[in-house]
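Structure, as C-alpha coordinates:
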Amino acid sequence: MTTDENQIQDKENTENPLAENCPNEKQNEELNEAQKKLKRKNEIIRIIKFVLLSASAGVIQLVSFTILNELAFRGTETGVGYWVPYLISLLLSVIWNFTFNRKFTFKSAANVPKAMLLVLAYYVVFTPLSTLWGDALTDKAGWNEYAVLIMTMVINLVTEFLYNRFVVYRKSLNTNDLGKKEEAAVQAAGENGSSATPESDVHESDNENVG
(Lines give C-alpha, C1' and ligand atoms only; values in the text may rest on other atoms or scores of the structure.)
Protein backbone atom coordinates (compact mmCIF):
# COMPACT_ATOMS: atom_id res chain seq x y z
CA MET A 1 0.00 0.00 0.00
CA THR A 2 1.40 3.44 -1.00
CA THR A 3 1.81 6.43 1.30
CA ASP A 4 -1.25 8.14 -0.24
CA GLU A 5 -3.34 5.00 0.32
CA ASN A 6 -2.18 4.83 3.93
CA GLN A 7 -3.20 8.45 4.45
CA ILE A 8 -6.64 7.78 2.99
CA GLN A 9 -7.08 4.72 5.22
CA ASP A 10 -5.98 6.70 8.28
CA LYS A 11 -8.47 9.42 7.39
CA GLU A 12 -11.30 6.89 7.08
CA ASN A 13 -10.43 5.36 10.45
CA THR A 14 -10.30 8.83 12.02
CA GLU A 15 -13.71 9.74 10.63
CA ASN A 16 -15.16 6.43 11.82
CA PRO A 17 -13.25 5.30 14.94
CA LEU A 18 -15.68 2.40 15.50
CA ALA A 19 -14.98 0.87 12.09
CA GLU A 20 -12.25 -1.44 13.36
CA ASN A 21 -14.37 -2.60 16.30
CA CYS A 22 -17.55 -3.31 14.31
CA PRO A 23 -16.99 -6.25 11.94
CA ASN A 24 -18.92 -5.83 8.70
CA GLU A 25 -20.66 -8.44 6.64
CA LYS A 26 -17.60 -8.98 4.45
CA GLN A 27 -15.48 -9.81 7.49
CA ASN A 28 -18.12 -12.26 8.68
CA GLU A 29 -18.16 -13.90 5.26
CA GLU A 30 -14.40 -14.38 5.46
CA LEU A 31 -14.76 -16.74 8.42
CA ASN A 32 -14.23 -20.33 7.42
CA GLU A 33 -16.59 -23.11 8.44
CA ALA A 34 -14.51 -24.09 11.49
CA GLN A 35 -14.59 -20.51 12.79
CA LYS A 36 -18.33 -20.14 12.18
CA LYS A 37 -19.00 -23.43 13.97
CA LEU A 38 -16.85 -22.37 16.93
CA LYS A 39 -18.53 -18.95 17.15
CA ARG A 40 -21.98 -20.58 17.10
CA LYS A 41 -20.85 -22.92 19.86
CA ASN A 42 -19.49 -20.00 21.91
CA GLU A 43 -22.77 -18.12 21.48
CA ILE A 44 -24.77 -21.13 22.70
CA ILE A 45 -22.45 -21.43 25.69
CA ARG A 46 -22.95 -17.71 26.36
CA ILE A 47 -26.72 -18.17 26.45
CA ILE A 48 -26.41 -21.18 28.78
CA LYS A 49 -24.12 -19.24 31.12
CA PHE A 50 -26.53 -16.32 31.19
CA VAL A 51 -29.45 -18.63 31.97
CA LEU A 52 -27.54 -20.40 34.77
CA LEU A 53 -26.24 -17.20 36.35
CA SER A 54 -29.64 -15.57 35.99
CA ALA A 55 -31.18 -18.66 37.61
CA SER A 56 -28.84 -18.22 40.57
CA ALA A 57 -29.86 -14.54 40.71
CA GLY A 58 -33.45 -15.74 40.53
CA VAL A 59 -32.88 -17.95 43.56
CA ILE A 60 -31.53 -14.92 45.43
CA GLN A 61 -34.54 -12.89 44.36
CA LEU A 62 -37.02 -15.63 45.28
CA VAL A 63 -35.46 -16.35 48.67
CA SER A 64 -35.12 -12.67 49.60
CA PHE A 65 -38.67 -11.97 48.39
CA THR A 66 -40.00 -14.87 50.49
CA ILE A 67 -38.14 -13.72 53.60
CA LEU A 68 -39.38 -10.16 53.20
CA ASN A 69 -42.90 -11.09 52.17
CA GLU A 70 -43.50 -13.84 54.73
CA LEU A 71 -41.40 -12.69 57.68
CA ALA A 72 -40.45 -9.03 57.48
CA PHE A 73 -43.74 -7.53 56.31
CA ARG A 74 -46.34 -10.24 56.88
CA GLY A 75 -48.67 -9.43 59.73
CA THR A 76 -47.44 -5.86 60.00
CA GLU A 77 -49.63 -2.76 59.73
CA THR A 78 -47.36 -1.09 57.20
CA GLY A 79 -49.53 -2.11 54.25
CA VAL A 80 -46.51 -2.39 51.95
CA GLY A 81 -48.18 -4.94 49.67
CA TYR A 82 -46.29 -6.70 46.88
CA TRP A 83 -44.04 -3.95 45.57
CA VAL A 84 -41.68 -3.30 48.53
CA PRO A 85 -40.35 -6.87 48.92
CA TYR A 86 -40.32 -7.18 45.14
CA LEU A 87 -38.14 -4.08 44.62
CA ILE A 88 -35.67 -5.04 47.36
CA SER A 89 -35.30 -8.61 46.08
CA LEU A 90 -34.97 -7.35 42.49
CA LEU A 91 -32.13 -5.00 43.47
CA LEU A 92 -30.21 -7.83 45.14
CA SER A 93 -30.57 -10.07 42.08
CA VAL A 94 -29.52 -7.27 39.69
CA ILE A 95 -26.26 -6.63 41.57
CA TRP A 96 -25.44 -10.35 41.54
CA ASN A 97 -26.39 -10.79 37.88
CA PHE A 98 -24.47 -7.78 36.63
CA THR A 99 -21.26 -8.67 38.45
CA PHE A 100 -20.94 -12.24 37.23
CA ASN A 101 -22.48 -11.96 33.75
CA ARG A 102 -20.20 -9.05 32.90
CA LYS A 103 -17.10 -11.10 33.69
CA PHE A 104 -18.02 -14.66 32.72
CA THR A 105 -20.85 -14.45 30.18
CA PHE A 106 -20.09 -11.38 28.09
CA LYS A 107 -16.40 -11.30 29.08
CA SER A 108 -16.34 -7.53 28.92
CA ALA A 109 -13.68 -5.07 30.01
CA ALA A 110 -16.05 -2.17 29.49
CA ASN A 111 -16.06 0.74 31.89
CA VAL A 112 -18.02 -0.52 34.91
CA PRO A 113 -19.90 2.73 35.74
CA LYS A 114 -20.90 3.13 32.08
CA ALA A 115 -22.10 -0.47 31.85
CA MET A 116 -23.99 -0.09 35.12
CA LEU A 117 -25.70 3.05 33.82
CA LEU A 118 -26.81 1.19 30.70
CA VAL A 119 -28.17 -1.66 32.84
CA LEU A 120 -29.84 0.95 35.06
CA ALA A 121 -31.51 2.40 31.97
CA TYR A 122 -33.05 -1.02 31.29
CA TYR A 123 -34.37 -1.27 34.82
CA VAL A 124 -35.68 2.29 34.75
CA VAL A 125 -38.14 0.95 32.17
CA PHE A 126 -38.57 -2.65 33.37
CA THR A 127 -38.95 -1.98 37.11
CA PRO A 128 -41.96 0.35 37.04
CA LEU A 129 -43.67 -1.73 34.36
CA SER A 130 -43.15 -5.01 36.22
CA THR A 131 -44.13 -3.41 39.52
CA LEU A 132 -47.35 -2.06 38.00
CA TRP A 133 -48.38 -5.32 36.37
CA GLY A 134 -47.33 -7.27 39.48
CA ASP A 135 -49.42 -5.04 41.71
CA ALA A 136 -52.38 -5.20 39.33
CA LEU A 137 -52.28 -8.98 38.97
CA THR A 138 -51.82 -9.76 42.67
CA ASP A 139 -53.73 -7.06 44.55
CA LYS A 140 -56.49 -6.43 42.02
CA ALA A 141 -56.84 -9.57 39.90
CA GLY A 142 -56.09 -11.92 42.77
CA TRP A 143 -53.28 -13.89 41.10
CA ASN A 144 -50.86 -15.87 43.24
CA GLU A 145 -47.87 -13.71 44.25
CA TYR A 146 -45.31 -16.37 43.41
CA ALA A 147 -46.84 -17.17 40.01
CA VAL A 148 -46.62 -13.49 39.10
CA LEU A 149 -43.06 -13.30 40.38
CA ILE A 150 -41.91 -16.31 38.33
CA MET A 151 -43.64 -14.98 35.18
CA THR A 152 -41.93 -11.62 35.71
CA MET A 153 -38.54 -13.29 36.19
CA VAL A 154 -38.89 -15.17 32.88
CA ILE A 155 -39.72 -11.94 31.03
CA ASN A 156 -36.76 -10.31 32.76
CA LEU A 157 -34.44 -13.16 31.71
CA VAL A 158 -35.25 -12.97 28.00
CA THR A 159 -35.37 -9.20 27.61
CA GLU A 160 -32.28 -8.54 29.72
CA PHE A 161 -30.15 -11.02 27.76
CA LEU A 162 -31.08 -9.36 24.47
CA TYR A 163 -30.47 -5.91 25.92
CA ASN A 164 -27.08 -6.88 27.39
CA ARG A 165 -25.94 -8.73 24.27
CA PHE A 166 -26.89 -6.08 21.72
CA VAL A 167 -26.77 -2.83 23.71
CA VAL A 168 -24.66 -2.92 26.89
CA TYR A 169 -21.82 -5.17 25.66
CA ARG A 170 -22.23 -4.88 21.88
CA LYS A 171 -18.91 -3.04 21.42
CA SER A 172 -17.02 -4.61 24.33
CA LEU A 173 -17.87 -8.30 23.93
CA ASN A 174 -14.91 -10.59 24.66
CA THR A 175 -12.54 -7.79 25.67
CA ASN A 176 -11.36 -9.06 29.06
CA ASP A 177 -8.73 -11.79 29.49
CA LEU A 178 -11.27 -14.61 29.20
CA GLY A 179 -12.76 -13.05 26.08
CA LYS A 180 -9.37 -12.57 24.45
CA LYS A 181 -8.65 -16.27 24.90
CA GLU A 182 -11.96 -17.08 23.22
CA GLU A 183 -11.17 -14.80 20.28
CA ALA A 184 -7.69 -16.31 20.01
CA ALA A 185 -9.25 -19.77 19.76
CA VAL A 186 -11.47 -18.58 16.91
CA GLN A 187 -8.46 -17.06 15.19
CA ALA A 188 -6.51 -20.30 15.63
CA ALA A 189 -9.39 -22.24 14.11
CA GLY A 190 -9.16 -19.97 11.08
CA GLU A 191 -5.43 -20.49 10.73
CA ASN A 192 -5.81 -24.25 11.03
CA GLY A 193 -8.60 -24.24 8.48
CA SER A 194 -6.62 -22.16 5.99
CA SER A 195 -3.55 -24.34 6.36
CA ALA A 196 -5.51 -27.50 5.61
CA THR A 197 -5.75 -28.50 1.94
CA PRO A 198 -9.35 -28.55 0.70
CA GLU A 199 -10.57 -31.99 -0.30
CA SER A 200 -11.54 -30.77 -3.78
CA ASP A 201 -7.99 -29.52 -4.38
CA VAL A 202 -6.61 -32.90 -3.34
CA HIS A 203 -8.84 -34.68 -5.88
CA GLU A 204 -7.86 -32.24 -8.63
CA SER A 205 -4.18 -32.78 -7.81
CA ASP A 206 -4.64 -36.57 -7.94
CA ASN A 207 -6.43 -36.33 -11.29
CA GLU A 208 -3.61 -34.22 -12.71
CA ASN A 209 -1.04 -36.75 -11.52
CA VAL A 210 -2.99 -39.60 -13.06
CA GLY A 211 -3.25 -37.72 -16.35
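The values are calculated or read from the model by the stated rules, or taken from the named source; none is laboratory data. Since the model is a prediction, treat every value here as computed from it, not as a measurement. Reconstructed Cβ throughout: ideal geometry from the backbone, glycine too, with neighbour counts over all protein chains shown.
Considering each residue of the range 146-158 in turn, none proves to be of a type in the set (G, A, S), at pLDDT below 95 and either closer than 16 Å to A110 by Cβ or not in a helix (DSSP H, G or I) (or both).
Answer yes or no: is there a residue in the range 114-137 that is of a type in the set (D, E, K, R), touching a residue at least 60 places away in the same chain (Cβ under 8 Å) and farther than 23 Å from S64 by Cα. For the range 114-137, residues of a type in the set (D, E, K, R), touching a residue at least 60 places away in the same chain (Cβ under 8 Å) and farther than 23 Å from S64 by Cα: absent.
Determine which member of the set V84, V94 is aliphatic (A, V, I, L, M), surrounded by 15 or more Cβ atoms within 10 Å (Cβ to Cβ) and at pLDDT below 90.
Numbers: V94 fails: at pLDDT below 90.
Exactly one residue qualifies, and that residue is V84.
Scan the range 85-139 for residues that are part of a helix (DSSP H, G or I), over 18 Å from V59 (Cα atoms) and not hydroxyl-bearing (S, T, Y) and the total you get is 25.
Within the range 21-39, restricting attention to residues that are of a type in the set (A, V, I, L, M, F, W, C) and more than 20 Å from the chain's Cα centre (by Cα), the residue that is modelled with the lowest pLDDT is L31.
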